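Visitor: Please read through the structure below; I'll follow up with questions.
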Amino acid sequence: MSLLEVRNLRKSFGGVSAVADLSFELNSGEMLALIGPNGAGKSTCFDLLSGQLRADAGRVLLEGRDIATLPPQSIWQLGVARTFQVPAIFSSMTVRENVQMALISRHRAVWRFSRPASALFRGEADTLLAEVEMARQAERAVGVLAYGDLKRVELAIALAGSPRLLLMDEPTAGMAADARGALIGLARRLVRERGLAVLFTEHDMEVVFGAADRVLVLDRGALIAAGDPAAVRENQRVRDIYLGVE
């Protein structure tokens, strides 16, 4: 059984079909790229998988359990984490405190606020920060970090939920080339070491074709191609619609 099975997923806004009868599977230990032109339906798909939007039709199965109608918090508790194009981080807190807040939520430890929040799950937070190579900056305020480091902190926050499935929405957007490579390399390592399943969107085709095990291509909400990176790169319809290669 695949970790994630998406079956005939549909979502429309008025008369516009944002996701049209989308079906695919994703296995543990696999990186799957979801690409396509602006407006293709990628972010809408992520919103449906993470519970931010309710599908008009279709099923989202996580190890056989349909999560399509669950709220975001319940989906997160089941092991689905997400990072965003713009990092969702508390800029007034330190790096460690941001991860601690995610751990508090994961362990439902609000009742333990008789102790300072900064004292809760400190060791676990530091372990996660070491995993994303941010341990030395644990005491720094998030607001002074470089953009690439913000992305690493957001990844540590996502890992605080002990995810089985990680949704990464434009993970390298706004980053310099060397930082993009480092972040995707980190994601590949997490897939290998943790057995994570990763679904990611990305406009940098060098990142996509270098990191993905498989690639899905959307256009106007519909799946137009799927396969290994080499096959998708050579698909004439994908080249015409998205890659811009003659």
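Visitor: Once phi is turned into ³J(HN,Hα) by the Karplus curve 6.51 cos²θ - 1.76 cosθ + 1.60 with θ = phi - 60°, what whole-Hz value does each residue of region 26-32 show in order, with x for glycine and proline?
Guide: So the Karplus estimates, Gly and Pro as x, are 9, 9, 4, x, 10, 10, 10 Hz.
Visitor: Related question: Could you run the Karplus curve 6.51 cos²θ - 1.76 cosθ + 1.60 with θ = phi - 60° over region 80-93 and give me ³J(HN,Hα) per residue in whole Hz, x for Gly and Pro?
Guide: Couplings: 10, 10, 9, 10, 10, 4, 9, x, 9, 9, 7, 5, 7, 9 Hz.
Visitor: Could you tell me the center-to-center distance, by alpha carbons, between region 154-174 and region 1-39 in angstrom?
Guide: 18
Visitor: Further, regarding this structure: Tell me the angle of helix 147-159 to the major Cα principal axis of the chain, expressed in degrees between 0 and 90 and rounded to the nearest ten.
Guide: Taking the Cα atoms of the chain, the angle to 147-159 is about 80 degrees.
Visitor: In terms of modelled amide H atoms, which long-range or inter-chain residues lie less than 5 Å from the amide H of residue 18?
Guide: 11, 12, 13
Visitor: Can you run phi through the Karplus equation (6.51, -1.76, 1.60; θ = phi - 60°) for region 15-25 and list ³J(HN,Hα) in whole Hz, with x for Gly and Pro?
Guide: 3J(HN,Hα) across region 15-25, in whole Hz: x, 9, 8, 7, 9, 10, 6, 7, 9, 6, 10.
Visitor: Let me ask something additional. Name the residues whose placed amide hydrogens come within less than 5 Å of the amide hydrogen of residue 66, ignoring near sequence neighbours (fewer than 5 apart) on the same chain.
Guide: Long-range HN contacts for residue 66: none found.
Visitor: Once you order the gyration tensor axes a ≥ b ≥ c over the Cα atoms, which shape class does region 4-70 get: rounded for a/c under 1.5, otherwise prolate or oblate by comparing a/b with b/c? Could the numbers behind the result be given before it?
Guide: On the way: a/c = 2.03, a/b = 1.26, b/c = 1.61.
Taking the square roots of the gyration eigenvalues as a ≥ b ≥ c, region 4-70 is oblate.
Visitor: Please determine, in degrees from 0 to 90 and to the nearest 10, the orientation of helix 95-106 with respect to the longest principal axis defined by the Cα atoms of the chain, where the helix direction is its Cα long axis.
Guide: Here the helix axis deviates by roughly 80 degrees.
Visitor: Calculated from the structure, Rg and Dmax of the Cα atoms in Å equals which of [x] 18.3, 64; [y] 22.9, 66; [z] 17.6, 55?
Guide: [x]
Visitor: At what distance in nm do the modelled label points of residue 237 and residue 107 sit from each other, each positioned 7 Å from its Cα along Cα→Cβ?
Guide: My value for the distance between the label points is 5.0 nm.
Visitor: Long-range amide H contacts for residue 83: which residues qualify at under 5 Å (H placed 1.01 Å from N, peptide plane, sequence gap of 5 or more or a different chain)?
Guide: When sequence neighbours closer than 5 places are left aside, the close amide H contacts are 167, 168, 169.
The numbers here are math on the coordinates, done by the rules we state, and not lab data. For clarity, every value in this text was computed on a predicted model and none was experimentally measured. For neighbour counting, all protein chains shown are included, and Cβ atoms are generated from backbone atoms with ideal geometry for every residue, glycine included.
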